[in-house]
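Take a look at the structure below.
The values are calculated or read from the model by the stated rules, or taken from the named source; none is laboratory data. These figures come from a predicted structure and were not determined experimentally. As a convention, Cβ positions derive from the backbone with ideal geometry for all residues, glycine included, and neighbour counts pool all protein chains shown.
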Amino acid sequence: MKLTNREPSAHDVFELLARDHADHLLVFLRAVVRDRSMVDDVFQETMMVAWRRLADFDRTRSFGAWLRGIGSRVAMDFAGRKRMVIVDPTMIQEIEQHSVAFDGDHAHAFQTRMATLDDCIERLPNDYSQVIQMVYRADLPLRKIASNLALTEEAVKKRIQRARALLAQCLHRKGVLA
Amino acid sequence: MTNIDPNLSRPESNDPNGLPQDRFVDALLAHKFSETRESMDARIDRVLRSIHAKPSRAHSIRSWHWWAIPLAALIAISILFMPTSSSASAVVQSAARVARKSVDRQYQVILIPKGRRVSDQPPPIFATLDVRDSQHMRIEIHFQGGRTEIHGRDGDTSWQQRPDGSAIISDRNIPWPRWVETPDGSLLVDSMAEMLKDLDDSYDIAKVDDAQACGRSGLLQIRASRQEIESVVASQSDEKLHRNPAERIEMCIDPATNEVIRLEMFFPVQSGPGPSDQHGPPPPPMGERGSPPPMGERGSRPPMGERGSPRGGGPHGPLGPPQSISFERTETTSFPSDWFKAPAHAVEADPTQ
């Protein structure tokens, strides 16, 4: 977006806010909606609804929280249309609590918190950081990881979950997770 | 990390469907490893384009012509009756032709090392391979602990930048070492065209139907299995086998472009020195070669391009080839013109050392 002397338009303001909060919204939607392609659609639709309702946004409140509120309603609506159950509203509220703790209300703050995640990954014992890299970075299927590590798929699942639990503990200690 | 809560060692659920906290951490990880600044900008750009766009649903429905349905049915029938085994080699040949074109391509490379002992599985090694053609390549290898080593080839010049930042230009008489040695096994570094050239008649090539293997729909999955594994492993002098001892190569090819989107090589456990001869400490990390391992214990390990080692194209490291190496195409634009050149501070390797 080019900076000029003119007053910023609603479109300019929306673009700035959208870019600042897109990462956090996407994380929230990924936590709520498990289906990858659905996450993309819900993200797009959430942003479109936010644009149409921008006049309703209360500037004294967090734009990120407002966006996530729209996102959770859009996700429920999508799931209803596809006759899918994603998560119940209580679960969404709890995910939102973690989002609020993670929320710096600014893109820079989000990046800082992601750096905390990097730090926590670095501190994981080797077995756990290895499996995190295989699942999330390399996107290897479970059976391939199991075969590479000479473990059962069940053991790999447990190791992945344990790795996430250790990361959650670490993030909690560093004050970026509820 | 210390102070681990012992209660967390029990399985709570297999998938992050239970705890909101677990789902949130899962989402953070997925975001961290799958999104880039560019991909996020692209998402926002899509939103902004949609804001300005007029509804196009009616237009898209009208654009389906009456003949589209029978045509789609015809294509579906053609695909169903396509001979799978006979055309697999043709697909690979087409992919090789496409790969020979001089185009900037980037691959994410993952090396899964062999375990030195049953209980000791080293972590995977990640690398980014940039290729223009078989004469212009650059690989950035990321080791645990943030160490990075870069190897490059710019025509006749091969160079290496070590983790400490120092860089050397290899002796021009030594050919590009197809296999780069890492502490956890040798890593094949070559253009996709050269790798596909390895798939000669010593491999059985067939189409396979494994929806999960390619990670996305619409790709052709091809499997190349080396014939008579036992005799091949026994004949280590075989030059072809020496160039690439992979016993199985899995490929995912885009049928629209014939581009190889993913290629993964699996090596036999027997190839190269295995866990049985591993005594003593693991080898030093690359770039920390101050004290070489004693001869006879792990064998000598001349650094790449620094000595006149017989690097005809096979894996020379003490561990031999790894368990597997995968190459996955990533989206990339053209590399800068000097991308493959040796760093300005690189010095000529001293052949006397």
Quick one: in region A:133-178, which of the residues that are within 18 Å of the chain's Cα centre (by Cα) and not in a helix (DSSP H, G or I) is modelled with the lowest pLDDT?
A:ALA178
Exactly one of B:ARG43, B:ARG62, B:ARG57, B:ARG97 is modelled with pLDDT of 50 or more and either of a type in the set (Ser, Thr, Tyr) or farther than 30 Å from B:ASP133 by Cα (or both), and that residue is B:ARG43
Quick one: in region A:118-131, of everything that is under 26 Å from A:ALA101 (Cα atoms) and part of a helix (DSSP H, G or I), which residue is nearest to the other protein chains (Cβ to nearest Cβ)?
A:ARG123
Has region B:174-191 got any residue that is charged (D, E, K, R), at pLDDT 85 or above, over 21 Å from B:SER134 (Cα atoms) and within 16 Å of the chain's Cα centre (by Cα)?
no
Looking only at residues in region A:160-178 that are surrounded by fewer than 21 Cβ atoms within 10 Å (Cβ to Cβ) and touching a helix residue (DSSP H, G or I) at 6+ places or on another chain (Cβ under 6 Å), which one is farthest from the other protein chains (Cβ to nearest Cβ)?
A:LYS174
Output yes when any residue across region B:159-167 is of a type in the set (Phe, Trp, Tyr), modelled with pLDDT of 80 or more and closer than 26 Å to A:PRO141 by Cα, and no when none is.
no
Of all residues in region B:216-234, how many are on the phi > 0 side of the Ramachandran plot and modelled with pLDDT of 65 or more?
1
Against the conditions (1) more than 10 Å from chain B (Cβ to nearest Cβ); (2) over 16 Å from the mean Cα position of the chain (by Cα); (3) closer than 30 Å to B:ILE110 by Cβ, where does A:THR112 fall short? Just the number, please.
(2)
All but one of (1) more than 24 Å from B:ASP22 (Cβ to Cβ); (2) within 11 Å of another protein chain (Cβ to nearest Cβ) hold for A:HIS21; which doesn't?
(1)
Regarding A:VAL42, is this residue in a helix (DSSP H, G or I), farther than 20 Å from B:ILE51 by Cα and at pLDDT 90 or above?
no
Out of (1) surrounded by 19 or more Cβ atoms within 10 Å (Cβ to Cβ); (2) hydrophobic (A, V, I, L, M, F, W, C); (3) in contact (Cβ under 8 Å) with a residue 12 or more places away in the chain; (4) more than 7 Å from chain B (Cβ to nearest Cβ), the one A:MET134 does not meet is (4)
Tabulated pairs, region A:32-57, first touching a residue at least 24 places away in the same chain (Cβ under 8 Å), second surrounded by fewer than 18 Cβ atoms within 10 Å (Cβ to Cβ) and assigned to a helix (DSSP H, G or I), C-beta under 7 angstrom, 6+ apart or interchain:
A:TRP51/B:ILE51; A:LEU54/A:ALA10
